[in-house]
Amino acid sequence: MSKKVVILHGSPRVSGNSDILAKEFKKGSEDAGNEVKKISFPMRFINYCKGCLGCVSSGECVIHDDMSGILEDMVDADVIVFASPIYFNTISGQMKTMIDRLTPKARQLNDKDYYFLFSAASDNQKSLEPAVCELRGFLNCIGVESEKGIVFGLNAESEGEINHNENALNQAFEFGKNS
Ligand SMILES: Cc1cc2nc3c(=O)[nH]c(=O)nc-3n(C[C@H](O)[C@H](O)[C@H](O)COP(=O)(O)O)c2cc1C
């Protein structure tokens, strides 16, 4: 059965390494017959959460920006993919800013399959543990036991360098195909 897949791409580099991984996942998932939407944050306006917690009772955010559309797509999805560069061993600030804005609909996001795609300059997978913990922390808060898969796109500093990491590209494609 065809699924709805949303890929959230949280890098300021429009066509950078995490975007290349996101595109591989998308190709694999579309090959499997799924409907895939890739949302790149540089193309969207996502403000910081104000911390007012008004959304906890109203279910709506007081900020009117692109986040409301992104949330609708996420609630509607079967599969959600976080594609982020590694910044100081964890996810990008752009990705974290988006995650904080999920609060209004967080309770409607616990029935999805989740995948993480990371790109990093490092050759040491262990150094990416804080990023894994960060995203697992979010899943834990919304009641999702664990992610379905993680791609560690290592050895990729300059734009496009991930193309030399065939393992990571293949894994992203295969996760997409099985998503
Ligand atoms: C602010 C900043 C911090 C970074 N910190 C790390 C780091 O801690 N570990 C690492 O392996 N790479 C680090 N990098 C490199 C990026 O993770 C790497 O270039 C990644 O492939 C970028 O993905 P993108 O092309 O999708 O933006 C950092 C890059 C920036 C801009």
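The values are calculated or read from the model by the stated rules, or taken from the named source; none is laboratory data. Computed from a prediction, not measured in an experiment: that's the story for all the values here. Note that each Cβ is placed from the backbone with ideal geometry, even for glycine, and that neighbours are counted across all protein chains shown. Note: accessible area is taken over every heavy atom of the protein model, side chains too, but ligands, DNA and RNA are not part of it. Shrake-Rupley method; radii C 1.70, N 1.55, O 1.52, S 1.80 Å.
Starting from the range 17-30, keep only residues that are without any contact (Cβ under 8 Å) to a residue 40 or more places away in the chain and within 14 Å of ASN163 (Cα to Cα), then list their pairs with residues that are of a type in the set (A, V, I, L, M) and more than 9 Å from the ligand (Cβ to nearest atom) whose Cβ atoms are within a distance under 9 Å, requiring at least 6 positions of separation or different chains.
LYS23/ILE7; LYS23/ALA172
Report, ordered by the first and then the second residue, all pairs with beta carbons closer than 6 Å, sequence separation of six or more or different chains, a first member in the range 141-164 that is of a type in the set (Val, Ile, Thr), and a second member that is loosely packed, with under 14 Cβ neighbours inside 10 Å.
These pairs meet every condition: ILE142/ASN110; VAL144/ASN110.
Kindly list the number of the only condition in (1) in contact with an Asp or Glu (Cβ under 8 Å, 6 or more places away or on another chain); (2) farther than 17 Å from GLN94 by Cβ; (3) loosely packed, with under 15 Cβ neighbours inside 10 Å that fails for SER15.
(2)
When residues of the range 109-129 are filtered for being in a strand (DSSP E or B) and not aromatic (Phe, Trp, Tyr), how many remain?
Going residue by residue through the range 109-129, those that are in a strand (DSSP E or B) are 113-119.
Within this subset, residues satisfying the condition of being not aromatic (Phe, Trp, Tyr) are 113, 117, 119.
Of the residues in the range 109-129, 3 are in a strand (DSSP E or B) and not aromatic (Phe, Trp, Tyr).
Please state which one of ILE46, ILE20 is under 30 Å from GLU157 (Cβ atoms) and buried (at least 21 other Cβ atoms within 10 Å of the Cβ). Break it down stepwise before answering.
Numbers: ILE46 fails: buried (at least 21 other Cβ atoms within 10 Å of the Cβ).
From the options ILE46, ILE20, the qualifying one is ILE20.
Take the range 1-39 and flag every residue that is assigned to a strand (DSSP E or B) and in contact with a helix residue (DSSP H, G or I) (Cβ under 7 Å, 6 or more places away or on another chain). Before the answer, list the steps.
Residues of the range 1-39 assigned to a strand (DSSP E or B): 4-9, 35-39.
Once the filter is applied, which keeps residues that are assigned to a strand (DSSP E or B) and in contact with a helix residue (DSSP H, G or I) (Cβ under 7 Å, 6 or more places away or on another chain), the range 1-39 yields LYS4, VAL5, VAL6, ILE7, LEU8, HIS9, VAL36, LYS37, LYS38, ILE39.
Taking the range 69-94 only, how many residues are touching an Asp or Glu at 6+ places or on another chain (Cβ under 8 Å) and either of a type in the set (Phe, Trp, Tyr) or more than 16 Å from the ligand (Cβ to nearest atom) (or both)?
3
How many residues, within the range 104-126, are touching a residue at least 40 places away in the same chain (Cβ under 8 Å) and either open to solvent by 60 Å² or more (accessible area, probe 1.4 Å) or closer than 24 Å to GLY16 by Cα (or both)? Spell out the reasoning first.
Our first condition is that a residue be touching a residue at least 40 places away in the same chain (Cβ under 8 Å); within the range 104-126, this holds for 104-105, 113, 115, 117-119.
Retained after the next criterion (residues that are either open to solvent by 60 Å² or more (accessible area, probe 1.4 Å) or closer than 24 Å to GLY16 by Cα (or both)): 115, 117-119.
Qualifying residue count, the range 104-126: 4.
Is at least one residue of the range 37-55 more than 16 Å from the ligand (Cβ to nearest atom), at pLDDT 95 or above, in contact with a strand residue (DSSP E or B) (Cβ under 6 Å, 6 or more places away or on another chain) and of a type outside the set (Lys, Arg)?
no
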